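Visitor: I have a structure here, written as structure tokens, and I will follow up with some questions on it.
The values are calculated or read from the model by the stated rules, or taken from the named source; none is laboratory data. Computed from a predicted model, the values in this text were never measured in an experiment. FYI the Cβ positions are ideal-geometry reconstructions off the backbone, even for glycines, and counts take in every protein chain you see.
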Amino acid sequence: MTNMTLKINDLDADLAVGDSGASYIDVDLSNDYIIWTAGSDDVKDGEDEPSEDELNQASTLIAELVETQVAHSLLFDYSASELKEIVGMGENKRYVYAFSFDGDTATEPQLEAWNDSNHNSTTKNVLGLGTPADSMVKAVCTTGALPGANWAKTGGTHINLAGSGASNVVKLNDGNGAITLLSGEGSRELYANIAIVIPDGYATPAIETFVSTIRYSWS
């Protein structure tokens, strides 16, 4: 069995896993979670777990005539009982989300987004109300290169994540297929950047949760 560990960069998004000076948090998939927010004095790096009222107060203000990229992405680190800023989110940075595999895969790992862990619907506002092309969750593979300036905005290089359709998932090995560890290589890291961009004038306020999934098989 090949295991995957999700690692979040909390220091310098120019440094890969294993680089001197790099700092990544291993995500506890059972207890940790990610928040996208405008931020506030109570919802920022180093603060404790926010309440629903605090999240509402830190909600993103939507512009009437231009799309709005949510400003901050925070990991709630359960073991530390505090929020950690995910550095480089939405920027022209490679090393933001690292997917670390301890063995070979039989298929190329791909990033998906769904309503919940049933993995059978994408009807939430953030996922496009059932129309994947309208998903606000923008993602790009950065395993091989920087994503480019404004990658998350309309016309950028992103994928709109929603469901499992071929045009709405991100292949994490740049479309090069399954991964094979080299002799003596303890793990292989694939990378992505993920942002949320809200259409101009979007008229439905909500606190919504969705599930991000890495799908792959192994021999």
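Visitor: Pick from the stretch 43-65 the residues that are part of a loop (DSSP other than H, G, I, E, B) and touching a Ser or Thr at 6+ places or on another chain (Cβ under 8 Å): which of them is farthest from Thr204 (Cα to Cα)?
Guide: Asp48
Visitor: Only residues that are farther than 13 Å from Asp10 by Cα and of a type outside the set (A, V, I, L, M, F, W, C): list them for the stretch 65-81, please.
Guide: Glu67, Thr68, Gln69, Tyr78, Ser79, Ser81
Visitor: Going through the stretch 1-23 one residue at a time, which ones are of a type in the set (Gly, Ala, Ser), buried (at least 16 other Cβ atoms within 10 Å of the Cβ) and over 15 Å from Val96 (Cα atoms)?
Guide: Within the stretch 1-23, no residue meets the criteria.
Visitor: Here is a further query. Would you point out which residue out of Asp26, Asp32, Asp42 is farther than 27 Å from Ala149 by Cβ, within 17 Å of the chain's Cα centre (by Cα), surrounded by 15 or more Cβ atoms within 10 Å (Cβ to Cβ) and modelled with pLDDT of 95 or more?
Guide: Step by step, each of Asp26, Asp32, Asp42 is checked, and only Asp32 is farther than 27 Å from Ala149 by Cβ, within 17 Å of the chain's Cα centre (by Cα), surrounded by 15 or more Cβ atoms within 10 Å (Cβ to Cβ) and modelled with pLDDT of 95 or more.
Visitor: Every residue in the stretch 163-172 that is part of a loop (DSSP other than H, G, I, E, B), out of contact with any Lys or Arg (no Cβ under 9 Å at 6 or more places or on another chain) and crowded, with 19+ Cβ neighbours inside 10 Å, please.
Guide: Selection gives Leu172 alone.
Visitor: Show the residue pairs that are 6+ apart or on different chains and have beta-carbon atoms under 8 Å apart, the first residue being within the stretch 61-82 and on the phi > 0 side of the Ramachandran plot, the second being of a type in the set (A, V, I, L, M, F, W, C) and surrounded by 15 or more Cβ atoms within 10 Å (Cβ to Cβ).
Guide: Qualifying pairs under 8 Å: none.
Visitor: Something else now. Taking interchain pairs and intrachain pairs at least six residues apart, which have beta carbon atoms under 8 angstrom, with the first residue in the stretch 190-219 and within 24 Å of Asn92 (Cα to Cα) and part of a strand (DSSP E or B) and the second of a type in the set (A, V, I, L, M, F, W, C) and at pLDDT below 95?
Guide: Ile198/Ile62
Visitor: Residues to consider are Ala149, Ala133; find the one that is part of a loop (DSSP other than H, G, I, E, B), touching a residue at least 24 places away in the same chain (Cβ under 8 Å) and not basic (Lys, Arg).
Guide: After applying the criteria, what remains is Ala149.
Visitor: Criterion first (surrounded by 15 or more Cβ atoms within 10 Å (Cβ to Cβ), of a type in the set (Gly, Ala, Ser) and more than 14 Å from Ile196 (Cα to Cα)) does Ser121 satisfy it?
Guide: no
Visitor: Looking at the stretch 89-118, which of its residues are of a type outside the set (Lys, Arg), buried (at least 21 other Cβ atoms within 10 Å of the Cβ) and outside any strand (DSSP E or B)?
Guide: Met89, Gly90, Tyr95, Val96, Thr105, Pro109
Visitor: Report yes if Gly177 is at pLDDT 95 or above, more than 29 Å from Glu49 (Cβ to Cβ) and either part of a loop (DSSP other than H, G, I, E, B) or not hydrophobic (A, V, I, L, M, F, W, C) (or both), otherwise no.
Guide: Judged against the criteria, Gly177 is a match.
Visitor: Under 6 Å by Cβ, and 6 or more places apart or on different chains, what pairs join a residue from the stretch 43-57 that is under 15 Å from Ile86 (Cβ atoms) with one that is surrounded by 12 or more Cβ atoms within 10 Å (Cβ to Cβ) and small (Gly, Ala, Ser)?
Guide: Val43/Ala58
Visitor: Here's a check for you: in the stretch 199-214, which residue that is small (Gly, Ala, Ser) and farther than 30 Å from Met4 by Cα is surrounded by the fewest Cβ atoms within 10 Å (Cβ to Cβ)?
Guide: Ala203
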